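What follows is one structure encoded as structure tokens, with my remarks underneath.
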Amino acid sequence: MWAANPSLNGDFLDDLLLMVSELTANAIRHTRSGDPGGLVGLVVTAHSTGVRVEVIDQGSRTVPRVIGPEDDDMPLRRGGRGLALVEATSDRWGHHPVSMVTARRGRVVWFEKGTA
């Protein structure tokens, strides 16, 4: 895919790496995937014009959301801006629940880049 489409250059790959690392870190930090023995899944689907990435976690009590200025009670705090980076860098992103083999509810957080 990369050789066939020169527009998928180093900047594109840098953006993918940033977004995958943010979503994976969120899955480990904010869901049961970060518990001992927890798991995180990653699915990357390449298309002729871009890519879709899905990060599958083991669920939490909250749903992912972008933190806005109205939520930022501590402007210098560490963290809390990963989904804002994904929103700004991707063409589209979202999430949906998924049933796990263990009968727990997990979640898929996904983004698409270069597919618009």
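The values are calculated or read from the model by the stated rules, or taken from the named source; none is laboratory data. This is a predicted model, so every value here is computed, not measured. Methodologically, a virtual Cβ is constructed for each residue, glycine included, from the backbone with ideal geometry; neighbour enumeration extends over all protein chains shown.
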Which condition breaks for Glu70 when tested against (1) in a helix (DSSP H, G or I); (2) more than 19 Å from Lys113 (Cα to Cα); (3) at pLDDT 90 or above; (4) not β-branched (Val, Ile, Thr)?
(3)
Unique match (being surrounded by fewer than 17 Cβ atoms within 10 Å (Cβ to Cβ), at pLDDT below 90 and in contact with a Ser or Thr (Cβ under 8 Å, 6 or more places away or on another chain)) among Arg81, Arg105
Arg105
Could you tell me how many of the residues in the stretch 1-22 are modelled with pLDDT under 90 and surrounded by 15 or more Cβ atoms within 10 Å (Cβ to Cβ)?
3
If you go through the stretch 23-58, how many residues are modelled with pLDDT of 90 or more and not in a strand (DSSP E or B)?
19
Select from the stretch 16-61 the residues that are charged (D, E, K, R) and under 12 Å from the mean Cα position of the chain (by Cα) and list them in ascending order.
Glu22, Arg52, Glu54, Asp57
